[in-house]
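*Asks:* Below you will find the structure I want to go over with you.
The values are calculated or read from the model by the stated rules, or taken from the named source; none is laboratory data. Model, not experiment: these values are computed from the prediction. Cβ coordinates were reconstructed from backbone atoms using ideal geometry, including for glycine residues, and neighbour counts include every protein chain displayed.
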Amino acid sequence: MAKKPTSLLKPDDYKWTWADFDDWYIGKQKDKWPTQHETDMSLTFEQKQIVKRNQEILENVDAWYQKNDAFMELILKKGNTRERKTFQFNLHGAIFENKLNFDYLPFPCAVNFIGAKFKGAVSFNEAHFFADLVFDRVVFNGDIHLLETEIEGDFWLYNLTYCNMIAQGVTIKGNLRMNSHFESAQFDGIGVEKVTSFLGSSFSSVPDFRFNDFKKAPNLNGILVPSPKMSGDLIGEKTNEMEERNWFGKLKRHFEKARDKSDVAKYRKLKAMALASNDHEKDGEFFAYEMMAKRGYETTGFGPLLLNSLYWFLSFYGQSVVRPFLAMLTSWFCFWLYYIYTIGFKAEPWDRLYFATIHSIQNVIPLIGTLFRTTSTPEGHTSWYDEAYHQLVDKGLSSDWWAALSAFQQIIGAVLFFLLFLGLRNKFRLK
């Protein structure tokens, strides 16, 4: 490689050549740089020196503008055979000690912050990236700001640590690929021309994608979004700190109102994004969270709030199969115990257990009761069940009370059976 001048800021009459950009020209470097997804991020001595020089010039704004202008002049020069994609500005493992401001800076080639560490906040407001921008395994100790930033290539956000991102008015002409955890994330007015993927990303708070323009339906596979935070207000009452520690306080949480009104629209947008990408699992999940977030805002009044909470408790808004099934088992068992108690000594112990079991099953599963009523029997023949029932009535069992109790269980059974069927439908997306 040609010998480079040592001063960062060159004289005005300095004659720039391609030798001044050997640190960026990966096509001429003998050692391969680690890329995103690669576990081994070790660098050679020469690569570490390149990173050091790159960091020094990036933190010197005047020198950076001068070198950028020279690069653009050379890359656009008639007869140039080098392509922009053969250049990369690599900052692998760089450690930035202070709060940094890279606002308005142009970045003429791909920029890789792989394994870098920022010990303060960093901003790229109105910066212009002419190629890819990669943040992979980067550690942040402050916010990262991207306001009115333009990225002509792909934008990669992978395996970030302590990331609090504020991105507004960002234009991405390539792909947006995110696979990381975000402590907080504000996305407002982001435009993505190509593919958007949140594959495997997770958020500590509900992300807001309401005012963004994704030209293609985003991939939400594996995205983790928290459920809405609840206020502790239980239909007009407060759950105190002592109650939160016991089982009753934990049970009451399922009937609380939502805390943040804006969460409704956020989940609604997430649901629309999932529906656009035919991700039925996430569509159902965000629908459930949206229903929770409506409590106290779009869903008001004692009756609607109670129904909303019961819908959640019994079936997770039609998304669960286990909850209604367990509720059906609970209904069967509780009524079974009460039937045994009601029959008392009007029947033998075994007959009492058997009759209560059959009767509770008929009531909790609507189809079973229908089969019992429609099954044909020989003329003059009475089933064991009917005969046992009439014997109990003859021995003093109140037929009116028995019928009312059975009807009540049948109503509960019909509701739970519907919720079970709804859960199965949503599970397998039957249409």
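*Asks:* List the pairs whose first member sits in the stretch 128-140 and is assigned by TED's automatic domain parsing to the domain that holds Asn164, whose second member is surrounded by fewer than 21 Cβ atoms within 10 Å (Cβ to Cβ) and assigned to a strand (DSSP E or B), and whose Cβ atoms are under 6 Å apart, counting only residues at least 6 apart or on separate chains?
*Replies:* His128/Pro106; His128/Glu150; Asp136/Tyr158; Val139/Lys117; Val139/Thr161
*Asks:* Can you tell me which residues in the stretch 51-95 are among the aliphatic types (A, V, I, L, M) and within 39 Å of the chain's Cα centre (by Cα)?
*Replies:* Across the stretch 51-95, the qualifying residues are Val51, Ile57, Leu58, Val61, Leu91, Ala94, Ile95.
*Asks:* Kindly check whether there is at least one residue in the stretch 29-50 that is over 38 Å from the mean Cα position of the chain (by Cα), modelled with pLDDT under 90 and surrounded by 13 or more Cβ atoms within 10 Å (Cβ to Cβ). I'd like the intermediate steps shown before the answer.
*Replies:* Kept after step one, since they are over 38 Å from the mean Cα position of the chain (by Cα), are these residues of the stretch 29-50: 29-31, 44-46, 49-50.
Still in the running and modelled with pLDDT under 90: 29-31.
Okay, now just the ones that are also surrounded by 13 or more Cβ atoms within 10 Å (Cβ to Cβ), so 29.
Yes, some residue in the stretch 29-50 is over 38 Å from the mean Cα position of the chain (by Cα), modelled with pLDDT under 90 and surrounded by 13 or more Cβ atoms within 10 Å (Cβ to Cβ).
*Asks:* While we're looking at this one, here's another question. Does any residue in the stretch 156-182 that is in contact (Cβ under 8 Å) with a residue 60 or more places away in the chain come within less than 8 Å, Cβ to Cβ, of a residue that is among the polar types (S, T, N, Q) six or more places away or on a different chain, and which pairs are these?
*Replies:* Final answer for the pair search is Trp156/Gln36; Tyr158/Gln36; Tyr158/Asn179; Tyr158/Ser180.
*Asks:* Check Asn112 against each of (1) at pLDDT 95 or above; (2) polar (S, T, N, Q); (3) more than 23 Å from Glu150 (Cα to Cα) and name the one condition it does not meet.
*Replies:* Condition (3) is where Asn112 drops out.
*Asks:* Residues of the stretch 286-332 being surrounded by fewer than 18 Cβ atoms within 10 Å (Cβ to Cβ) and farther than 20 Å from Phe418 by Cβ, which ones?
*Replies:* Selection gives Tyr297, Glu298, Thr300, Gly301, Phe302.
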